[in-house]
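To keep things clear, I will list the structure first and then write my remarks on it.
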Amino acid sequence: MREEIINTKNEAIAQITEAKNSNELDQLQIDYLGRNGKLTKLIKNIKELSDMEKKEVGRLINDVKNTLVSTLNDKKNSLKENVREWFDPTIPSLKPQIGHIHLITKAIKEIEQVFKQIGFVRVRYPEVEWDWFTFGGLNFPDNHPARDTLETYFVDAKPHSKYGAMLLTPHTSSGQIREMQRVKTPPIRMINIAKCYRRQSDISHYPMFHQFEGLVIDENITVVNLKGTLDYFAKTFFGADRVTRIRPYHFQFTEPSFEVDVNCGVCKGKGCKVCSEKGWLEMGGAGMVHPNVLKNGGIDSKKYSGFAFGWGVERVLMMKPNINIPDLRIIYTSDLRYLNQF
């Protein structure tokens, strides 16, 4: 029986070594170690041996069984290492999703390019600003409502000895004085695009929003130059069939001051639900720079004049053709189902 066990072992090892795949190995395991396997049958015959032989043969069968199990496992691992998954290099790859810039960032870039084409220089001034640059230097009186804590976010910091309290700038107009101080001698053609902060939140307002501020100062600048710039922006940004109009208004830092409207892109000025039957959509404020503001910026108001305008990036974006933004706050929700439309 000892010889039969050794022969069974050698036979099994030879077949295991020559196996080509895991299916063959699984079958060999059944053939030799299964319930009716060759080695299993030999184990059943041990009962026919004497006590002395049972001990010796039992030890031999256990050694053979362990050897076969080890050989099977080694062969399985060897086959796994040699298996190569079939690959067709001509199959197109799975392309990862490519993101895109945010709708507001895209609008800012477009606005910047529009004004660069007519000689404006892009600048950016602090979002955390001093009161004087935001209000005082822009001709705001001390008791103006915009200086109230219900309107403006003030920062809990030590006031500046010259420029007053620190705050989150509510408009990009604060860049006017800083640009005059930087350039010192006109001409000035500035476009300042930055974040602003106000205590407002509804379908057309948000506590943080973006504005772009235009400032032009030179000799003999008039309302005609302002109106021409407004029309150029409207036709370039909104479309060739768009025009602007100006209405008298009041701002502390311009005189005369205007509200700027652009004809409705849906009805082309005839009146519809979008423009509340008026034919016009309000774009923002503008006007001729107040002499006091020129003086505060170190500019000779008798020699130079200028105009300024300040509009919301979100506002003009919502007025753009084929842009459907029913609620301004949706833009800042980071909802990709909405943002991926643009």
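Every number here is computed from the coordinates shown, using simple stated rules; none is lab data. Computed from a predicted structure; not experimentally measured. Methodologically, a virtual Cβ is constructed for each residue, glycine included, from the backbone with ideal geometry; neighbour enumeration extends over all protein chains shown.
Please identify every one of the GluC sites (Glu not before Pro) in region 270-322 that sits in a loop by DSSP and has no more than 11 other beta carbons within 10 Å of its own beta carbon.
Here the GluC sites (Glu not before Pro) that fit, given the DSSP loop and packing criteria, are Glu277.
Which shape class, rounded, prolate or oblate, goes with region 222-342 when its Cα gyration tensor gives a ≥ b ≥ c as root eigenvalues, a/c under 1.5 marks rounded, and past that a/b bigger than b/c marks prolate?
Judged from the Cα gyration tensor, region 222-342 comes out prolate (a/c at least 1.5, a/b above b/c).
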Give the residue from Ala14, Leu168, Phe140 lying farthest towards the positive end of the charge dipole for the chain; charges sit on Cβ (+1 for Lys and Arg, -1 for Asp and Glu) and the dipole is referred to the Cα centre. Phe140
Sparse-neighbourhood loop hits (GluC sites (Glu not before Pro), region 202-260; DSSP loop; Cβ within 10 Å at most 12 others) -> Glu219
For Lys278, other-chain or 5+-apart residues with amide H closer than 5 Å (H placed, Pro excluded) are Cys272
Which net charge results for the neighbourhood of Lys278, defined as the other residues with beta-carbon distances under 13 angstrom from its beta-carbon, given Lys and Arg at +1 and Asp and Glu at -1? +1
Which shape class applies to region 1-52: rounded if a/c is under 1.5, otherwise prolate when a/b exceeds b/c and oblate if not, where a ≥ b ≥ c are the square roots of the Cα gyration tensor eigenvalues? oblate
Mean residue ellipticity (222 nm) of the chain, computed from DSSP H runs ≥ 4 via -39,500 (n - 2.57), nearest 500: -11500 deg cm²/dmol
Assigning unit charges at the beta carbon (Lys, Arg +1; Asp, Glu -1) and nothing else, what dipole magnitude in debye, to the nearest 20, does region 103-339 show about its Cα centre? 520
Compute the Cα gyration tensor for region 103-339, then decide on rounded, prolate or oblate, letting a ≥ b ≥ c be the square roots of its eigenvalues: rounded whenever a/c is under 1.5, prolate when a/b is larger than b/c in the other cases, and oblate in all that remain. oblate
Would you tally the net charge around Ser22, using a Cβ to Cβ cut-off of less than 11 Å, leaving Ser22 out, and scoring K and R as +1, D and E as -1? +2
Counting only DSSP beta bridges with both partners in the chain, the antiparallel fraction in percent, to the nearest 5, comes to 95
